[in-house]
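**Student:** One structure, as structure tokens, below. Some questions next.
The values are calculated or read from the model by the stated rules, or taken from the named source; none is laboratory data. If you're wondering where the values come from, they're calculated on a predicted model, not measured in any experiment. Quick reminder, even Gly has a Cβ in these numbers, built from the backbone with ideal geometry, and neighbours come from all protein chains shown. What goes into the accessible areas is simple: the full protein's heavy atoms, side chains included, and nothing from ligands, DNA or RNA. Shrake-Rupley method; radii C 1.70, N 1.55, O 1.52, S 1.80 Å.
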Amino acid sequence: MSIRSLVLKASTVLVGAAAVLFIAAEPGGHIDIPKENWSFQGFFGHYDRAQLKRGFQIYSQVCSGCHSMNLMSYRNLQSIGFTEDEVKEIASKVQVQNEDPNDAGEMFERPGKPSDLFHPPFPNEQAARAANNGALPPDMSLLAKSRAGKGFGGYSGADYIHALLTGYGEPPADMKLNPGMNYNKFFKGHQIAMPQPLQDDSVTYADGTKATLDQESRDIATFLTWTAEGEMEQRKKTGLRAMLFLVVFTLLAYAAKRKVWKNIH
Ligand code: HEC
């Protein structure tokens, strides 16, 4: 057997194996998640503070009814532009159990403080499932990170969240939904326990922005990217400084080289 035909055979086997792996990795078929433009993308990407605030408004008025956000505390909201007093006001709207009992040894509830973690909607997983047709609404702190597509150039977590929130509709005629489930063209298997959470005008934005379904979905997707990757802006700034340093360093090295070698031909 010639080397050429051996290489050909080997590559056929490899391509075949890769195809099998690819198909096996995507049960339920391939779903294309549309890619959107986001202010935080790219090398100079940054968050739009007004958009983050709108996203928080969606979280607190809609999503927080079912989804917890266990890694965020109220004072984290100061970094998206809320003042200290506004944060105090937001935190004080929830009742949390005090860490220590009172003088009679009883646990008691008090209004939230900025240092408290976001108040969860359900006391435990069983209660969350019981209220949601057996499905668990995942904690939202890192959701955007965990739902990003795999591989270079894949869709982002924000793309996925935006697609999911705008992907509800009537199921195709030949599809039978299980009881309590909802059709969504971007969810794996197309049946999701979460009822469509957002419609046009689900909220009235404090900053006057028109609350279309698309706008709301973009705003919450941006907010969830921030909670999952709050350090992104800092990382980009550091990267930019490193690049600048390298450019200056290269120029200096070049100038030094010219000087040192000036008289040698
Ligand atoms: C009435 C309760 C409820 C509300 C309100 C709600 N969700 Fe959900 N959500 C769920 C449940 C239940 C699941 C799990 C669905 C499943 O596994 O079928 C879920 C799952 C999700 C998922 C993960 C889907 C996946 O790929 O696994 C995302 C993203 C999501 N919700 C976003 C949101 C956003 C954003 C909001 C607010 C605009 C919101 N949800 C409001 C109940 C809710």
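**Student:** Mind listing just one residue for me: the one in the stretch 115-133 that is part of a helix (DSSP H, G or I) and free of Cβ contacts under 8 Å to residues at least 24 places away in the same chain and, of those, most open to solvent (accessible area, probe 1.4 Å)?
**Tutor:** Here is the first cut: in the stretch 115-133, the residues part of a helix (DSSP H, G or I) are 125-130.
Next cut, free of Cβ contacts under 8 Å to residues at least 24 places away in the same chain only: 125-127, 129-130.
Working: GLU125: 93, GLN126: 134, ALA127: 33, ARG129: 90, ALA130: 86 Å².
Per the criteria, the residue is GLN126.
**Student:** Please go through the stretch 151-200 and give me each residue that is aliphatic (A, V, I, L, M) and more than 9 Å from the ligand (Cβ to nearest atom), ordered by number.
**Tutor:** ALA158, ALA163, ALA173, MET175, LEU177
**Student:** Take the stretch 134-150 and flag every residue that is within 22 Å of SER60 (Cβ to Cβ), more than 7 Å from the ligand (Cβ to nearest atom) and open to solvent by 20 Å² or more (accessible area, probe 1.4 Å).
**Tutor:** Correct list: ASP139, LEU142, LYS145, SER146.
**Student:** Where residues in the stretch 201-213 are away from the ligand (no atom under 13 Å from the Cβ) and touching a residue at least 12 places away in the same chain (Cβ under 8 Å), which of them is most open to solvent (accessible area, probe 1.4 Å)? Don't jump to the end; show me each part of the working.
**Tutor:** Our first condition is that a residue be away from the ligand (no atom under 13 Å from the Cβ); within the stretch 201-213, this holds for 201, 204-210, 212.
Retained after the next criterion (residues that are touching a residue at least 12 places away in the same chain (Cβ under 8 Å)): 205-207, 209, 212.
Numbers: TYR205: 13, ALA206: 97, ASP207: 79, THR209: 43, THR212: 49 Å².
Selected residue: ALA206.
To keep it simple, each residue is scored yes or no on (1) within 16 Å of the ligand (Cβ to nearest atom); (2) touching a Lys or Arg at 6+ places or on another chain (Cβ under 8 Å).
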site	(1), (2)
PHE43	no, yes
LYS53	yes, no
MET69	yes, no
ASN76	no, no
SER79	no, no
THR83	no, no
VAL87	no, yes
GLN95	no, yes
GLU106	no, no
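**Student:** Could you give every pair whose Cβ atoms fall below 6 Å, whose first residue belongs to the stretch 57-78 and is more than 23 Å from THR204 (Cα to Cα), and whose second residue is surrounded by fewer than 17 Cβ atoms within 10 Å (Cβ to Cβ) and among the hydrophobic types (A, V, I, L, M, F, W, C), counting only separations of at least 6 or pairs across chains?
**Tutor:** SER73/LEU117
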